[in-house]
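Below is one structure, written out as structure tokens; the observations come after it.
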Amino acid sequence: MAGQPQYEELMRQFSAFGAVKREMGRILPSDCPSGSAAVLTLLARHGDMRMSKLSELLAVDMSVTSRHAAHLAERGWIRRSPDPADKRGRILHLTPAGLARLDELSERTCRMLAERLSDWSDDEVAQLSGLMARLRASFDDGRAPAAPPVFEETTRTPANT
């Protein structure tokens with residue numbers, strides 16, 4: 001198991017990763033913020049779904065999902081229809097216009113990543129992608145958080161803080 005200094009460095013990297021996410025968000029058009037792009041992506045990946053399933057996949061409250069759906073429906077990128085199994089529920093469908101918008105967003109994002117990672121090898125990009133998927137799976141696999149590990153006391157000096 002990694003030690004406390006390694007986990008502390010990992011926490012610093014997680015915090016710093018916010019800058020990467022913000023820069024990726026800045027390339028999105030103003031009419032399609034990151035939450036809307038996430039909805040389009042999930043509908044393209046998983047197909048038509050109920051609002052409740054989308055809310056679960058986004059890991060946000062149903063009210064947030066509803067606002068995203070309304071925003072996208074106003075632009076014609078998704079269609080909401082009654083759920084045949086439960087008329088109170090709604091099924092979300094990606095429209096051809098929504099798929100075209102998603103293709104444009106994907107192109108922008110891929111272009112930016114290719115530019116920023118131009119000095120990375122294909123293997124390094126694949127390794128990062130694999131490690132990020134593994135990290136996400138570690139948080140998504142339903143494991144209850146374990147009790148925090150007990151680390152031995154370390155003496156901090158300016159060199160190791």
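The values are calculated or read from the model by the stated rules, or taken from the named source; none is laboratory data. Note that the structure is a prediction, hence the values are computed from the model and not measured. In this analysis, Cβ positions are derived from the backbone assuming ideal geometry, glycine residues included, and neighbour counts consider all displayed protein chains. Surface areas here come from the heavy atoms of the whole protein model, side chains and all, with no ligands, DNA or RNA. Shrake-Rupley method; radii C 1.70, N 1.55, O 1.52, S 1.80 Å.
Some notes on this structure:
- Residues of region 27-53 satisfying the condition of being over 13 Å from the mean Cα position of the chain (by Cα) and open to solvent by less than 40 Å² (accessible area, probe 1.4 Å): LEU28, PRO29, CYS32, LEU43, GLY47, MET49, MET51
- Pair list, Cβ under 7 Å, 6 or more apart: region 6-35 residue closer than 13 Å to LEU105 by Cβ, other residue part of a loop (DSSP other than H, G, I, E, B): ASP31/ARG75; SER34/LEU28
- Of everything listed in (1) of a type in the set (D, E, K, R); (2) modelled with pLDDT under 95; (3) open to solvent by 70 Å² or more (accessible area, probe 1.4 Å); (4) assigned to a loop (DSSP other than H, G, I, E, B), the single unmet condition for ASP119 is (2).
- Region 81-103, subset out of contact with any Phe, Trp or Tyr (no Cβ under 6 Å at 6 or more places or on another chain) and touching a residue at least 40 places away in the same chain (Cβ under 8 Å), residue most open to solvent (accessible area, probe 1.4 Å): ARG90
- Residue check, GLU56 within 14 Å of the chain's Cα centre (by Cα) and either open to solvent by 80 Å² or more (accessible area, probe 1.4 Å) or free of Cβ contacts under 8 Å to residues at least 12 places away in the same chain (or both): yes
- Of the residues screened, ALA2 is one that is without any contact (Cβ under 8 Å) to a residue 60 or more places away in the chain, open to solvent by less than 60 Å² (accessible area, probe 1.4 Å) and small (Gly, Ala, Ser).
- ILE78 being of a type in the set (Val, Ile, Thr), touching a residue at least 24 places away in the same chain (Cβ under 8 Å) and open to solvent by 40 Å² or more (accessible area, probe 1.4 Å): no
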